[in-house]
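A.B. asks: Let me begin by handing over the structure; questions about it come next.
The values are calculated or read from the model by the stated rules, or taken from the named source; none is laboratory data. Since this is a predicted model, take the numbers as computed values, not measurements. Here the Cβ positions follow ideal geometry from the backbone for every residue, glycine too, while neighbour counts run over all protein chains shown. We work out accessible area using only protein heavy atoms, side chains counted, and drop any ligands, DNA or RNA first. Shrake-Rupley method; radii C 1.70, N 1.55, O 1.52, S 1.80 Å.
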Amino acid sequence: MPMLTQLKLFHGILRTDILLKTLGIILIGSAIGLTYNALSPGGIALKGNWSPKINSDSLVVPYGYEEGIDPPAVNLDYAMMKFQSKNTVFLDSRYPEDFKVGHIEGAINLPYEEFEEHAPLVLPKLPKDEEIITYCDGTECETSLVLARELLELGYKDVKVFFGGWQEWQKAGLSVETDN
Amino acid sequence: MTILKALIRIVTDKRVVLLFRLVLGVTFIYASLDKIAHPEQFARIVYNYKILPQFLINIFAVTLPWVEFIAGLFLILGIFTESASLLVCFLFIIFIIATSINLFQGVDLNCGCFSTDPVGKKEGANLLIKDFIFLYLGIMVIFFNKNFATLSALFQKKSLPKR
C-alpha cells in the first residue's frame, strides 16, 4: 500500500501542468534577469571571456588584472633572482594547510582567506619599503593579486605578484620547503 | 518502529512542511541577492567551476539569481508551490553535481552560494551536506505541502461558490 501511494505521488509530480509552471518560473526569472542586467548600471556583457589573459610582458595574468593600476606582475626569472638575492619577502597567500605541504623556501604564509587573523602576526615585522612578492597556486588563483592590492592599500610601497605561483616554481625544480 | 512512525508523522505534518517551505524560500531569496548585486563576481565563480562553456557563463550568471529569487518568492507566498519546489530540487541536484565534480578534481573554488566574495571560505564537503539537506526539504515540500497556507489555496477558496 505505501508503495502505491508513493507511486501515485511520483506520478502526481510529473503532471504536465506542474512541469509547465516550473518552466514558466525559469522563463520569468530569466526574462527579469536579462532585463535587469540591461538596465542596471552594474550590468555585464552577455558574452564574457574569463580565461587568464596575456599582459604586455607576455605573462599569463588573471582576467581581472588591470595593468598599470594593479601591482606589477613578475615572471619566474625575476622571482628566482630576487629569491637568490635574499632581500625580498615572499608572501604565500594560500591556505595554511597547502602552505604546510610545500612552499617557496623562506616564504611567509599570509592566507588571504584568513587575513584578519594572520595579518597582525605577519605585517608588523614587514617594513613598508621592503620588496614583497606575493604568490598563490598559479594563474587560476587570485588570492595573490587581492593580497597584493590589500598591501598596497595598507601603504606597502614595493609589492609585486608572481602569478606563475607555486605551480611554476615547483615545476622549475627550485628550492622548496615543507612544514611539519 | 513506533519512533520511526512518529518521526515520519512529524516530518510530513503540514505545519512542519510549511516551515521547510519558508526556510527554502528565505534561503533562495537570501542567496540570490548578493549575486544580483555583483553579477561580475558571480560570473567569475561560475567560470571557476569550469563546467559551462565560455559563451554561457555570463548569461547564466545574470539569469540564475533571478530564477532563484522568483522560486524563493513563490515558495514563501505559496504560488505554484509544487513547481517552485520542483525547480528548487532540480537546482540543488545541479549544485550537488557541480560541487562534487570540483571537489573530486581538487579544485579550490568558491561555492558562490551566499556570497560573491571572490575568495570565500573553502567549503567542500560541508557544502555538499548542506545541499543534500536542502534537497531533502525541497522533496518534502513537493510531496507534503498539501496546499497549506498558500496563496493558491486562498484564491481557490475564494472562487468556490457560496452555499
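A.B. asks: Could you figure out which of (1) assigned to a helix (DSSP H, G or I); (2) modelled with pLDDT of 90 or more; (3) open to solvent by less than 70 Å² (accessible area, probe 1.4 Å) isn't true of B:I133?
C.D. replies: The single condition B:I133 does not satisfy is (3).
The rows are residues; the columns are (1) open to solvent by 30 Å² or more (accessible area, probe 1.4 Å); (2) within 19 Å of the chain's Cα centre (by Cα).
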residue	(1), (2)
B:L19	yes, yes
B:L33	yes, yes
B:N58	no, no
B:P65	no, yes
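A.B. asks: Then there is this: With a cut-off of at least 3 residues that are farther than 28 Å from A:L39 by Cα and more than 10 Å from chain A (Cβ to nearest Cβ), name the helices (runs of 4 or more DSSP H) lying wholly within segment B:1-109.
C.D. replies: In segment B:1-109, B:2-12, B:14-37, B:81-105 are the helices (runs of 4 or more DSSP H) which contain 3 or more residues that are farther than 28 Å from A:L39 by Cα and more than 10 Å from chain A (Cβ to nearest Cβ).
A.B. asks: Open to solvent by 20 Å² or more (accessible area, probe 1.4 Å) and under 15 Å from A:L152 (Cα atoms): does that describe A:L59?
C.D. replies: no
A.B. asks: Which of (1) within 30 Å of B:I51 (Cβ to Cβ); (2) open to solvent by less than 20 Å² (accessible area, probe 1.4 Å) does A:P52 not meet, given it meets every other one?
C.D. replies: (2)
A.B. asks: Continuing with this model, one more query. Look through segment A:87-115, keep the residues that are among the acidic types (D, E) and at pLDDT 90 or above, and return whichever of them is farthest from the chain's Cα centre (by Cα).
C.D. replies: Top of the filtered list is A:E105.
A.B. asks: If you go through segment A:124-139 one residue at a time, do you hit one that is open to solvent by less than 20 Å² (accessible area, probe 1.4 Å) and at pLDDT below 90?
C.D. replies: yes
A.B. asks: Starting from segment A:105-129, take each residue that is more than 22 Å from A:Q167 (Cα to Cα) and list its partners that are of a type in the set (D, E, K, R) and surrounded by 11 or more Cβ atoms within 10 Å (Cβ to Cβ), counting only C-beta distances under 7 angstrom and pairs at least six apart or across chains.
C.D. replies: A:F115/A:E150; A:K128/A:K157; A:D129/A:K157; A:D129/A:D158
A.B. asks: Let me ask something additional. Being surrounded by 17 or more Cβ atoms within 10 Å (Cβ to Cβ) and in contact (Cβ under 8 Å) with a residue 60 or more places away in the chain is the requirement here; does B:G78 meet it?
C.D. replies: Yes, satisfied.
A.B. asks: Something else: Considering only residues that are charged (D, E, K, R) and open to solvent by less than 50 Å² (accessible area, probe 1.4 Å), which ones fall in segment A:160-177?
C.D. replies: A:K160, the sole residue that qualifies.
A.B. asks: So which pairs qualify, if the first residue must be in segment A:18-35 and at the interface with another protein chain (Cβ under 7 Å from one of its Cβ atoms), the second must be open to solvent by 50 Å² or more (accessible area, probe 1.4 Å) and not in a helix (DSSP H, G or I), the Cβ gap must be under 6 Å, and the two must be at least 6 apart or on different chains?
C.D. replies: Once the first residue is at the interface with another protein chain (Cβ under 7 Å from one of its Cβ atoms) and sits in segment A:18-35, its partners that are open to solvent by 50 Å² or more (accessible area, probe 1.4 Å) and not in a helix (DSSP H, G or I) give A:K21/B:F80.
A.B. asks: Sticking with this one: What number goes with the only condition from (1) over 17 Å from B:P65 (Cα atoms); (2) at pLDDT 90 or above that A:Y65 does not pass?
C.D. replies: So the condition that A:Y65 fails would be (2).
A.B. asks: Follow-up. With (1) under 30 Å from B:L56 (Cβ atoms); (2) free of Cβ contacts under 8 Å to residues at least 60 places away in the same chain; (3) open to solvent by 20 Å² or more (accessible area, probe 1.4 Å) as the list, and A:G64 as the residue in question, which single condition is left unmet?
C.D. replies: Tallying (1) under 30 Å from B:L56 (Cβ atoms); (2) free of Cβ contacts under 8 Å to residues at least 60 places away in the same chain; (3) open to solvent by 20 Å² or more (accessible area, probe 1.4 Å), A:G64 fails exactly one: (2).
A.B. asks: To continue, here is another question. In the set A:I104, A:I69, which member is away from chain B (no Cβ under 14 Å) and under 23 Å from A:T178 (Cα atoms)?
C.D. replies: A:I104
A.B. asks: Quickly run through segment A:1-49 and pick out the residues that are open to solvent by 80 Å² or more (accessible area, probe 1.4 Å), within 17 Å of B:A43 (Cα to Cα) and modelled with pLDDT under 85.
C.D. replies: Passing the criteria: only A:N49.
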